Amino acid sequence: MTQPDQNGMPDMQELIRQASEVQAQIQQAQEEILAATVEGSAGGGLVNITMTGGAEIKDLSIKPEAVDPNDVETLQDLILAAYRDAHTKAGQLAQEKIGPLTQQAPGEGNDFTQMFGGN
């Protein structure tokens, strides 16, 4: 915490230094999030999606037993469910990395899980 100056005001240089530190920590956390990968799956592992913490899909794998030409809708649902699972994990990663740095409770504008589509 900053110490007040003789007028009872916080030391502005100290406030600026602290803000700069927090900004650097947030930037580092954002870089770590973008470099990280998360995996989502559906159907007991029939469909798997790997994406970055920035929600860029890097890999999609579908086991042959998930493919039924007479039931394309189920496969589509599995792909969406795997994507949503990975997307939720990316949001949770962002919350874990950046949430503590913002020092705001969820619901005050910085709930990263909701921002990334998590539940």
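Data for the structure
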item	result
Point-charge dipole on Cβ atoms (K/R +1, D/E -1) for the stretch 34-105, about Cα centre, debye to 20	400 debye
Extreme residue, positive dipole direction of the stretch 34-105, given options SER61, ALA35, ASN48 (C-beta unit charges)	ALA35
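Values quoted throughout were computed directly from the atomic coordinates according to the rules given, and no laboratory measurement underlies them. Here the structure is a predicted model, which is why all the values come from computation and not from measurement. Heads up, the Cβs are rebuilt from the backbone with ideal geometry, glycines too, and the neighbour counts pull from every protein chain shown.
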